[in-house]
Every structure is written in C-alpha cells, then in structure tokens.
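The values are calculated or read from the model by the stated rules, or taken from the named source; none is laboratory data. Just so it is clear, the model here is predicted, and its values are computed rather than measured. Cβ atoms come from the backbone with ideal geometry, glycine included; neighbour counts cover every protein chain shown.
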C-alpha cells in the first residue's frame, strides 16, 4: 500500500542509514511512500571507520540547500541527524528519529568498555541471530536475514568502530538547539535501542529546547527493525508528519499511525 501525500509543497525526505551506511534498510519503506515525496538517502562508506564528527562533515554538504526537507535518522544515524538538525541547515522542516538516541542507548555500560570491543564483536552475530529466532525478538525471517546481510557485508573493524562510537556519543546538548518538530518512532520490544531512549530525549527537549515546537513519540509492537518490519505504518506516520509540517498543524494531532507512548 502506497500512502498518499497531496501537499502543496513538495519537500524531500533526506534519509540517513544505520550502522551499515547503505540504503537497504529503507527499501520496504520507500516502496510504501507516495511518489509525490522525493527521497534521498545519504549513504556513507562501509569500509572506512568515520567518527560522528567526520560523518557530519561527510553528509552536511549533501543536504538540500534551497528546497524544504525533512531529515530522518535511523538508529546509529540518530545522533548524526540530531546534530545536523541542530545546525539548522537550509529549509529543514522537521526531524524524524527512527529507533534513535542522543547518547549511548545503554548508558549503564561503562565507556571504558569500548576498548574491549574489537573485530571479534562481528563474529558474535551468528549467535545473536540464533537467539533472535529462539526468543522471537524479530519474528520475520526476512528481517533476520536482512540483519545478517548487513553484518556480514561490513568489515569487522568498521563494524566494531561504529558500535564503539555509540557507547561514547553524547549529543544531549544538541537536542537543546532543535528548532523544528520531532517525530520519534520506536519498537516496543527493541533491545538494541530501548524505547525509553525516546522518552529521555523528549524530556530534554521539553525542558531545554524552547524553539522546538513538539516532540511526538509513536511506538510499534516489534523490535529494532521498525522501518523494515512495519513499513506501511512507518510510511503513514512519515506522510502524516509531512502534512503537519507543511500545513502548520500539530504533529501530535495529525500523526495517528503507531501507538502513543504510554510510559
């Protein structure tokens, strides 16, 4: 099902992928978006370890300079999207965080543990894929296979480096600089980026970001791969976000897809 969008303006949806840096994760979602919405995926190298600062420089120049756009950051790209949005480039209309975070999604893990993460972390994923099937974290075999492809195509050093970065990143100060509405999409059973990360970001924005008009959270009954596992519902929420941003309506009132967060 392709969701319709008939806004008078024709914004672009700029999409930042997750750990692997490629557009694979977005394919089911893009198939559900209307043709009237232009999508642009800013991929980054899979074979070069880049810090969040370097990724910011790498992607900044590819943002639309003149036309209106919404910025979507998926998982690992959540901090990157937050930073770019805080810099207020061009005609940014809104920010969408899909299973996103502003600091380590597991802050109870000591930062010093990043030194223990090496290429061997890459070999742990066959075990995780087995556990995933046993415990049904992601029930779809297609999703499980997609996770496997992502992991198996990345050099172990790059994979480990990006995991390491998520343990030390902290862009909570950038959240305070946001000046556009934010839509956060989370998986209720997500163990990689638990949904309380979204609530933590919302609290910071509510208290310290007076220029940010809204921070709206929607939850889906699944694990981490929300965009791939729930592409129609995710597309509907994104289209509704476009409607709200282009008409000046309340995001909370317009976005009906997904479940309101109840925590």
Taking the stated definitions as given, is residue 66 in contact with a helix residue (DSSP H, G or I) (Cβ under 7 Å, 6 or more places away or on another chain), surrounded by fewer than 18 Cβ atoms within 10 Å (Cβ to Cβ) and at pLDDT below 95? no
Please give the number of the condition residue 251 fails out of (1) crowded, with 19+ Cβ neighbours inside 10 Å; (2) out of contact with any strand residue (DSSP E or B) (no Cβ under 9 Å at 6 or more places or on another chain). (2)
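Let's see how each residue does on (1) over 15 Å from residue 74 (Cα atoms); (2) crowded, with 24+ Cβ neighbours inside 10 Å; (3) touching a helix residue (DSSP H, G or I) at 6+ places or on another chain (Cβ under 6 Å):
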| site | (1), (2), (3) |
| --- | --- |
| 200 | yes, no, no |
| 204 | yes, no, yes |
| 208 | yes, no, no |
| 228 | no, no, yes |
| 235 | no, yes, yes |
| 244 | yes, no, yes |
| 247 | yes, no, no |
| 257 | yes, no, yes |
| 261 | yes, no, no |
Looking only at segment 150-162, decide whether some residue is within 15 Å of residue 107 (Cβ to Cβ) and modelled with pLDDT of 85 or more. no
For segment 1-108, which helices (runs of 4 or more DSSP H) that fit wholly inside it have 3 or more residues that are touching a residue at least 12 places away in the same chain (Cβ under 8 Å) and over 27 Å from residue 257 (Cα atoms)? 52-60
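Any residue at all in segment 212-226 that's touching a helix residue (DSSP H, G or I) at 6+ places or on another chain (Cβ under 9 Å), free of Cβ contacts under 8 Å to residues at least 40 places away in the same chain, farther than 27 Å from residue 106 by Cα and surrounded by fewer than 21 Cβ atoms within 10 Å (Cβ to Cβ)?
Checked segment 212-226: at least one residue is touching a helix residue (DSSP H, G or I) at 6+ places or on another chain (Cβ under 9 Å), free of Cβ contacts under 8 Å to residues at least 40 places away in the same chain, farther than 27 Å from residue 106 by Cα and surrounded by fewer than 21 Cβ atoms within 10 Å (Cβ to Cβ).
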Have a look at 83, 60 and point out the one that is out of contact with any strand residue (DSSP E or B) (no Cβ under 6 Å at 6 or more places or on another chain), buried (at least 19 other Cβ atoms within 10 Å of the Cβ) and at pLDDT 90 or above. 83
From the residues in segment 164-181 that are under 16 Å from residue 75 (Cβ atoms) and within 16 Å of the chain's Cα centre (by Cα), which one is surrounded by the most Cβ atoms within 10 Å (Cβ to Cβ)? 166
